[in-house]
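To keep things clear, I will list the structure first and then write my remarks on it.
The values are calculated or read from the model by the stated rules, or taken from the named source; none is laboratory data. In this text the structure is predicted, and so the values were computed from the model without any measurement. So basically every Cβ, Gly included, is an ideal-geometry build from the backbone, and we count neighbours across all protein chains shown. Surface areas here come from the heavy atoms of the whole protein model, side chains and all, with no ligands, DNA or RNA. Shrake-Rupley method; radii C 1.70, N 1.55, O 1.52, S 1.80 Å.
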Amino acid sequence: MVENGTSQSGQVGASGLGADPAQAPNPLDAMAIAYESGTRLPAPQVTRPLAECVGEVLAQDVRVVRDVPHYDSSAMDGFAVRGPGPWIVGENAWPVATGSLVPSEATSVVRQEWVQVDAGEASGAGTAGAGRISLAPGAPQRDLEPGRNIRRAGREALSGELVARAGELLTPAQVAFAAVAGHDTLPVCARPRVGLLLTGTEVVASGLPQPGFVRDAFGPQLPAYVRMLGAEVVASERIGDGEAETEAALEKLVGQCDVVVSTGGTGHSRVDEVRRAALRRVTGETGRVLFPELNMRPGHPTFLMEHSGVVHVGLPGNPLAAMVALRLVLAHVLRGALGRGIEQPGAVSLAHDFDPGQGRSGAGSAWRVMPAKPGDTSAGEGGQQSTQPRDTSGANLQRWELCDKRGSNMLRGLAQARGLVVIPPEGAGAGDAVACLPLPV
């Protein structure tokens, strides 16, 4: 997964930067660890009607059942004709509408506006009665070219060709194509079952909290976010910070879920019962602590464990820290479970210098994952055109700036962000390329 201190994304790992990568992996390595844990979860498949498949993950490759289109059809309203004309309707000319079947003997389709009905005296009374037509004066000759305005069978796709690959998140267009390719249902991955454990005696679910209490930031959005990630919340427990209630809620959830996502209680103080309860359950061959914390700010207390038959993602209680960890860790647990492949971060150019230590000794040992958004890339200092860094393909990197109000307990900056930038412990200067994960996903 990680060799010689280098992550799968090609970024330098945490080795040698003041943190043990096995105990506190950097954000990019944590994504890979989380992904691997997801691949060990059960991966059942279900068959769903097409109307329920948009946004689901395809479980198997799907192929075209029969040629698309499956017959020669007209691309125009007009007449399917044989030969250069003039033509007799019913003998060597046949009226057609867009999408209708073209007779096998037709050589082309002439659009309606380029056809004239010949006068009776020019064709004889009998011929006129039979419906004699010809190309109108001045009409272009190209509609007489062989195959003109005929959509040949198999022109879009041939039987056996690929519609979509396993692991793809099905789009409306893919589902529509699957319909015309001959499918009524598709095999998709069953959504992993997620249980939420929302903790905190001081948390209130609605209204304006009194001093000493805070408003719940997770309950209103976590179920929707989990669904966006491809899973389904099947159970939710809201508790305080006590040992007994934490143990009881965890016991209830593990019997119903594939993944437990908890918020709060991940620190090392006397009230952080979630971490202790999870550690007590890490027993036997199937239990393991994948990482007890992360080498990043915010989100340092995040843990990832396997216990009681579930993957447990322990998110910090601070809202921004939790949302950053969710984007990095939970998203990749679910990608692994759904067979979607590990995400490869993009790259952007930092719009300004960032010193993680801000001059403080020893404060720059952690990676930073922070909300950011595209900035003004039109000019550099003094109105001069800035020199844009390039990615490995030679394309210019977009300049991004960090959002303000990005403390671990704040959400304002994240609400304005379009992505999360990943900055190594040594910091980065204006114009440096940094990894970027888009938001929401």
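Structure notes:
- For volume of the Cα convex hull per residue in Å³, calculated from these coordinates, the label among [x] 275; [y] 230; [z] 153: [y]
- With each label modelled as a point 7 angstrom along the Cα→C-beta vector, the Arg215-Ala139 pair spans 6.8 nm.
- Gain on full extension, evaluated as 0.36 nm per residue between Val289 and Thr39 minus their Cα-Cα distance, stands at 88.4 nm.
- Note on Asp61 and Thr185: with the Förster distance fixed at 25 Å, the Cβ-Cβ geometry gives a FRET efficiency of about 0.95.
- Efficiency of FRET between Gln398 and Thr171 - r from beta-carbon atoms, R0 22 angstrom, step 0.05: 0.35
- Share of carbon and sulfur in the accessible area of the chain stands at 50%, probe radius 1.4 Å.
- Helical mean residue ellipticity (222 nm; -39500 (n - 2.57) per DSSP H run of 4+; nearest 500) of the chain: -5000 deg cm²/dmol
- Scaled radius of gyration (Cα, divided by 2.2 N^0.38 Å) that the range 108-233 gives: 2.32
- Applying the criteria of a DSSP loop state and at most 12 other Cβ atoms within 10 Å to the trypsin sites (Lys or Arg not before Pro) of the range 197-306 yields Arg270.
- Across the range 104-115, computed HN-Hα scalar couplings (Karplus, 6.51 cos²θ - 1.76 cosθ + 1.60, θ = phi - 60°) run 4, 7, 5, 9, 6, 10, 9, 5, 4, 6, 9, 10 Hz from first to last residue, x flagging Gly and Pro.
- In this Cβ point-charge picture (+1 for Lys and Arg, -1 for Asp and Glu), the range 207-291 has a dipole of about 180 debye about its Cα centre.
- Counting DSSP beta bridges with both ends in the chain, the antiparallel % (nearest 5): 70 percent
- Taking a Cβ cut-off of under 10 Å around Arg152, the surrounding Lys, Arg, Asp and Glu residues balance to a net charge of -1, with basic ones at +1 and acidic ones at -1.
- Backbone N under 16 Å from the Lys405 label point (7 Å along Cα→Cβ), restricted to the range 300-328: 319-321
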